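Participant: This is the structure I want to talk about, given as structure tokens.
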């Protein structure tokens, strides 16, 4: 099962060499050996109790009528802030344990329509890492601390921690994550896999526990660009349950695999954002030689291609997120009458009452600050949102790309994985996701190499709004030219000489 792709698994099932039931059982056995025992990655919170039954039904359908979708019989995981009617959706919090949503998230529904088997729910940084300013990524009250499959005492990043851990460790072929700022691309980078953070509004957030509607987006985490492109096309479309998707009308596609071109770097104008070099020398040592690889494949590199207003980032993001978190989370919780908490205020009280389980290492400063915010009509919120859009769009990504006539921007995604420290929290150096996060623009991260021979480092391609076709084309060609992805060894620690 190691490194199997969606296309390879479909060929096996089409040839009768495997059934969906056999695939599910193989993945369940691997989960038992690596996630629940052995290294104990803690990447998965819950296994779908109906997974084998669903697989049997899909096998019967394949024999009778043939596959009904491109993911027919393919096991997948969902980050545990994405609603599923047959499993809990907890955002990693004990406050939401014990009940099932009454309706699938739109993304869940679309995957089931495509024939996917939702094998389980992935661990995550609790509340998508928006509870404390000194949290440890990959930690949740429900799942506790997830481990990086390459080096077990290293952090898997977050907040889509479990999705990236599980895909990297070959516990599943593909997973969904969500991103507000870095929550897909960071764990994908440090766990050595591919992540696509779509343009905000390209994929529906209906049935997803939110942080902020102007930045939240749902996207795939896979081991290859081809698999990620295949999953992305199944998630797009205007959704009445998410008004934000209305802006994607005329921009979304149902098949992004058409842009998988091994020669996609030929003639592509790629800007090198030097402002994200010089932050972490280990990431630089990996990213720098790859510039020559892209040149050799025909890319036209514009170096540097820096943001004229780089010092303006991250703008007033925290104000925007706090206002929107309070409003959006209260709306979501009110839609779940089965839950014991129905407002952010009640959630804060729950955490205080259950501090030994929920807050043994870090607190809920961001919850408290968000609760103190007013409605979305407050001028402070409107001004902060306008500032963030301006500096990230017309004065940020659009400005540098238009000025230099670029197809994409390029930067290291993040530093290599840092040591897990649940007491003091994360200490990884700054990543390159913030401009696209504020703008709501897309990112694709691809494995690029290994620091100290063992710690994965990814690189990011970013672009204009709705530029997924171009980014996928460039990222796929880059992946084919470099081919650095290798499965993890589950090392207990790094040994330095």
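Throughout, read-outs are computed from the coordinates displayed, never taken from laboratory work. These figures come from a predicted structure and were not determined experimentally. Cβ placement follows ideal geometry from the backbone for every residue including glycine, while neighbour counts extend to all protein chains displayed.
Participant: Pull out the extension gain between residue 309 and residue 22, defined as 0.36 nm times the separation in residues minus the alpha carbon to alpha carbon distance; nm, one decimal. Please report the intermediate quantities before stating the final value.
Facilitator: Values: separation 287, 0.36 × 287 = 103.32 nm, distance 5.36 nm.
Gain in length upon complete extension: 98.0 nm.
Participant: Share of Cα-Cα pairs in segment 63-208 beyond 19 Å, in percent? Spell out each step's value before the answer.
Facilitator: Numbers: 5236 of 10585 pairs.
Roughly 49 percent, once rounded to a whole number.
Participant: Still on this structure, I have one more. Contact order normalised by length for the chain, with contacts defined as Cα pairs under 8 Å and 6 or more residues apart; what percent is it?
Facilitator: Numbers: 1200 pairs, mean separation 90.2, N = 497.
Result for the chain is 18 percent.
Participant: What's the exposure ranking of 130, 496, going from fewest to most Cβ atoms within 10 Å? Can you show the working numbers first?
Facilitator: Working: 130 25, 496 5.
In order of increasing Cβ crowding within 10 Å: 496, 130.
Participant: Take every Cα-Cα distance within segment 409-482, group them into 10 Å bins from 0 onward, and report for each bin the whole-number percent of pairs it holds.
Facilitator: Bin by bin from 0 Å, the calculated values are 18, 43, 29, 9, 0.
Participant: Oh, and also: Tell me, in nm to one decimal, what length is gained between residue 274 and residue 61 on full extension, where the rule is 0.36 nm per residue of separation less the Cα-Cα distance? Please report the intermediate quantities before stating the final value.
Facilitator: On the way: separation 213, 0.36 × 213 = 76.68 nm, distance 5.25 nm.
So the chain would gain 71.4 nm between residue 274 and residue 61.
Participant: I would also like to ask the following. So if I take the centroid of the Cα atoms in segment 354-430 and the same for segment 234-299, what is the distance between those two points in Å?
Facilitator: Their Cα centres are 20 Å away from one another.
Participant: Turning to a different aspect of this structure: Please list 388-394, 140-146 highest first by mean number of surrounding beta-carbon atoms within 10 Å per residue. Working shown, then result.
Facilitator: Working: 388-394: 20.3, 140-146: 23.4.
The packing order, highest mean first, is 140-146, 388-394.
Participant: Here's something else I'd like to know. Say R0 is 41 Å: what FRET efficiency, to the nearest 0.05, do residue 238 and residue 486 get from their beta-carbon distance? Intermediate results must be reported in sequence, preceding the final value.
Facilitator: Working: r = 39 Å, r/R0 = 0.96.
E between residue 238 and residue 486, to the nearest 0.05, is 0.55.
Participant: Still on this structure, please answer the following. Want the number for residue 29 to residue 11: 0.36 nm per residue separation, take away the alpha-carbon distance, what's left? Don't jump to the answer; show the numbers that get you there.
Facilitator: Values: separation 18, 0.36 × 18 = 6.48 nm, distance 2.17 nm.
Taking 0.36 nm per residue and subtracting the Cα distance, the gain is 4.3 nm.
Participant: Kindly identify segment 364-497 as rounded, prolate or oblate by the Cα gyration tensor criterion: order the square roots of the eigenvalues as a ≥ b ≥ c, call it rounded if a/c is under 1.5, otherwise compare a/b with b/c, prolate if a/b is larger, else oblate. Spell out each step's value before the answer.
Facilitator: Details: a/c = 2.99, a/b = 1.23, b/c = 2.42.
Oblate.
Participant: Also: How compact is segment 103-171 by the rule of thumb for globular proteins, expressed as Cα Rg over 2.2 N^0.38 Å? Before the final figure, lay out the partial values.
Facilitator: Numbers: Rg = 13.5 Å, N = 69, 2.2 N^0.38 = 11.0 Å.
Cα Rg divided by the expected 2.2 N^0.38 Å: 1.23.
Participant: Give me the distance between the Cα centres of segment 46-99 and segment 460-475, rounded to whole Å.
Facilitator: That distance is 30 Å.
Participant: Which residues in segment 366-389 place their backbone N less than 16 Å from a point set 7 Å from the Cα of residue 349 along the Cα-to-Cβ direction?
Facilitator: Once the point is set 7 Å along Cα→Cβ of residue 349, 368, 371-372 turn out to lie under 16 Å by backbone N, inside segment 366-389.
Participant: Assuming R0 = 25 Å, can you tell me the calculated FRET efficiency for the pair residue 424 and residue 37, based on Cβ-Cβ distance, to the nearest 0.05?
Facilitator: Working: r = 29 Å, r/R0 = 1.17.
Efficiency, from the Cβ-Cβ distance: 0.30.
Participant: Arrange the peptides 348-356, 44-52 so that the one whose residues have, on average, the most other Cβ atoms within 10 Å appears first.
Facilitator: On the way: 348-356: 14.2, 44-52: 18.7.
Ranking, from highest mean packing down: 44-52, 348-356.
Participant: Next up: Which whole-percent values make up P(r) of segment 310-391 when all C-alpha to C-alpha distances are grouped in 10 Å steps starting at zero?
Facilitator: 17, 39, 29, 13, 1
Participant: Where does segment 166-309 land on Rg/Rh, using Cα atoms and the Kirkwood Rh?
Facilitator: We get a ratio of 0.99 for segment 166-309.
Participant: Right, here's the next one. Evaluate the distance, in nm, between pseudo-label points positioned 7 Å from the Cα of residue 291 and of residue 359 along their respective Cα→Cβ axes.
Facilitator: 4.7
Participant: Quick one: 361, 441, fewest Cβ neighbours within 10 Å first, how do they rank?
Facilitator: The most exposed by this proxy come first: 361, 441.
Participant: Starting with the fewest neighbours, write out 319, 84 ranked by other beta-carbon atoms found within 10 Å of each beta-carbon.
Facilitator: On the way: 319 19, 84 23.
So the ranking, lowest neighbour count to highest, is 319, 84.
Participant: Once every DSSP H run of n ≥ 4 in the chain is given -39500 (n - 2.57) and the sum is divided by its residues, what mean residue ellipticity at 222 nm do you get, rounded to the nearest 500 deg cm²/dmol? List each step's numbers first, then the result.
Facilitator: Numbers: 17 runs with 171 residues, N = 497.
The helix contribution divided over the chain gives -10000 deg cm²/dmol.
Participant: Bin width 10 Å, origin at 0, all Cα-Cα pairs of the chain: what percent of pairs per bin?
Facilitator: 4, 21, 33, 28, 12, 2, 0
Participant: Rounded to the nearest Å, what's the spacing between the alpha carbon centres of segment 312-346 and segment 159-216? Just the number, please.
Facilitator: When both Cα centres are located, 19 Å separates them.
Participant: Evaluate E = 1/(1 + (r/R0)^6) for residue 331 and residue 390, where r is the Cβ-Cβ distance and R0 equals 30 Å; express this FRET efficiency to the nearest 0.05.
Facilitator: On the way: r = 27 Å, r/R0 = 0.89.
Once the sixth-power term is evaluated, E becomes 0.65.
Participant: So, one more: Take every DSSP beta bridge whose two residues both sit in segment 6-482, then give the antiparallel share in percent to the nearest 5.
Facilitator: Numbers: 32 of 47 bridges.
Taking every DSSP beta bridge within segment 6-482, about 70 percent pair in antiparallel fashion.
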